[in-house]
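Data first, discussion second: the structure below is written as structure tokens.
The values are calculated or read from the model by the stated rules, or taken from the named source; none is laboratory data. None of the values given here were measured: they were computed from a predicted structure. Positions of Cβ are backbone-derived with ideal geometry, glycine not excepted, and every protein chain shown enters the neighbour counts.
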Amino acid sequence: MTSSARQLSYIELRGEKDIECVNVVVGDVRRSLSPQGGGTFLGRFDERLSSATDQVSLEVRRRKTRFFRPTETVKVYSIEVQSGSGRQVVKKGRVDITLEVSSQPVSTDPGSSLTAISGGLKPTTEELIAQCPRFRILVVGKTGAGKSSLIDRVFGTNTTGVVDDRPGKAKIEDGLISPQNDRFILHDSQGFEPGEGCNYDTVTSFIEARKKEPLIKDQLHAVWFCFPVPIIQYGERLLEDGAETFLKQSNEALRNIPTVVVFTKYDRLITHVQVAPDRDPEADVEAEAKQYLQTHCVEPIRRCLKDKAILHVAVSSRPDRQRGLDELTKLTYERVTESFTSKPNSVSPVPFAAAGAQRVEPGVKIKSSIKEYWRALASSTNFWGFTMLDCLGVIHADIISVWNFYDPSVYLSSEEFRNLMVNMVAKVDAPTGSSPASTNLTRSDTFSG
């Protein structure tokens, strides 16, 4: 059996001057790129780096700043680069990557590895990821709204210093990509603080500009408006004047964009209800908190938006009192699916990206990868005529893409892990009395029409 191995002979990365070093990872091989000055790093390989995996990874180490942690991983997928077409440039966030690759047929022992994808069979997630590599979300909220902890919990990141809560400091146009999870782009707006009236125009212009982007990956996929639950008895307000004005005039700007109102710090309200001096000790704390939320949070937002069916969730991001994050994730995914899916039984790259980006709700990943993605795949002819091992190699790559595990060392795509997987399949599949180490599959293991 043969497969097509990718061979990398040249790679160049151009970025900002704060980049200190860059390593390229192809399969199990890691090489350092030579600094050329001015944020440019170069690698020429007389002995070409060869791999049958679906990606090339670049480990980019930057000088530590307020906005980014030192290291981020940039991935270039095989579908983004055409073999034998000379040097090609792929833009990835803040860096431009120039590659030269070729394909070389190699023989593969089906009993030893899953790296071969026979006869042109390739991971079916590649096309979806190429169309929309990252889920793009705008988070709007004033200073102290709890945006950083919310992002950390939902996307499994560390945004310390990334989401800048200081008034006037956030730049909404700058898409922030976390090195712990590069499957989403965060656009941060500091809200509508007193004296920051111009931010209304900034947010509106940004939303309108993203609507006009021709490529779906550059469009805005969702908006979260974050409002900390106010304690009225302490003189706190839900809406500052600027926020109220924006909500009243935002219907046109937000039209057709999945939008969720997020009431943060709900645990603080629960505590307030519990310790209220005039509270009936027999009363239901949750019921009282929900009624308070409805009266002092949901209804004011409805009046501003003139919409009785606003999508809203109350959340707490504190690790010891975490709640509502799974509901927020599911609600966002469902709304994104409604907005970006046009054909029945088809898989849109945007909800696929949304499901892959989040790391709090396994049910959303299962729904995206099994109930929808695999249902659509089953109706195609992709797998017909290939052996089970061929298909398992594709499924393995697809699972890694869909589930978006935090795997900075790329262990899940390594040769050792793939060999372990194929040996497990061989043992499970082996007929009674056969050698458990054999990976020769019976005739039923070939998909045919």
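Residues of the range 229-250 that are in contact with an Asp or Glu (Cβ under 8 Å, 6 or more places away or on another chain) and either closer than 21 Å to VAL313 by Cα or at pLDDT 80 or above (or both): PRO230, GLU240.
Residue-by-condition table, conditions (1) surrounded by 18 or more Cβ atoms within 10 Å (Cβ to Cβ); (2) assigned to a helix (DSSP H, G or I); (3) not β-branched (Val, Ile, Thr):
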| residue | (1), (2), (3) |
| --- | --- |
| HIS296 | yes, yes, yes |
| ARG302 | no, yes, yes |
| LEU328 | yes, yes, yes |
| THR337 | yes, yes, no |
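Please go through the range 3-40 and give me each residue that is within 15 Å of LYS92 (Cα to Cα) and in contact with a strand residue (DSSP E or B) (Cβ under 7 Å, 6 or more places away or on another chain), ordered by number. ILE11, GLU12, LEU13, ARG14, GLY15, ILE19, VAL22, VAL24, GLY39, THR40, listed by residue number.
Checked across the range 56-68, the condition of being modelled with pLDDT under 75, in contact with a strand residue (DSSP E or B) (Cβ under 9 Å, 6 or more places away or on another chain), buried (at least 16 other Cβ atoms within 10 Å of the Cβ) and part of a strand (DSSP E or B) holds for no residue. Against the criterion of being closer than 20 Å to LYS91 by Cα, more than 14 Å from the chain's Cα centre (by Cα), in a loop (DSSP other than H, G, I, E, B) and at pLDDT 90 or above, PRO214 qualifies.
Here is a yes/no grid of residues against (1) modelled with pLDDT of 75 or more; (2) within 22 Å of PRO179 (Cα to Cα); (3) out of contact with any helix residue (DSSP H, G or I) (no Cβ under 6 Å at 6 or more places or on another chain); (4) not polar (S, T, N, Q):
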site	(1), (2), (3), (4)
VAL313	yes, no, no, yes
LEU331	yes, no, yes, yes
GLU338	yes, no, yes, yes
ALA353	yes, yes, yes, yes
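Cβ separations smaller than 6 Å between residues 6+ apart or across chains give the following pairs from the range 188-211 residues that are part of a loop (DSSP other than H, G, I, E, B) to residues that are at pLDDT 70 or above and basic (Lys, Arg): GLY191/LYS142; GLU193/LYS142. Here the range 269-294 is the region considered, the condition is being assigned to a helix (DSSP H, G or I) and among the small types (Gly, Ala, Ser), and the residue that is farthest from GLU236 (Cα to Cα) is ALA287. Filtered by the rule that a residue be of a type in the set (Ser, Thr, Tyr) and free of Cβ contacts under 8 Å to residues at least 40 places away in the same chain, the range 6-43 gives SER32, SER34, THR40.
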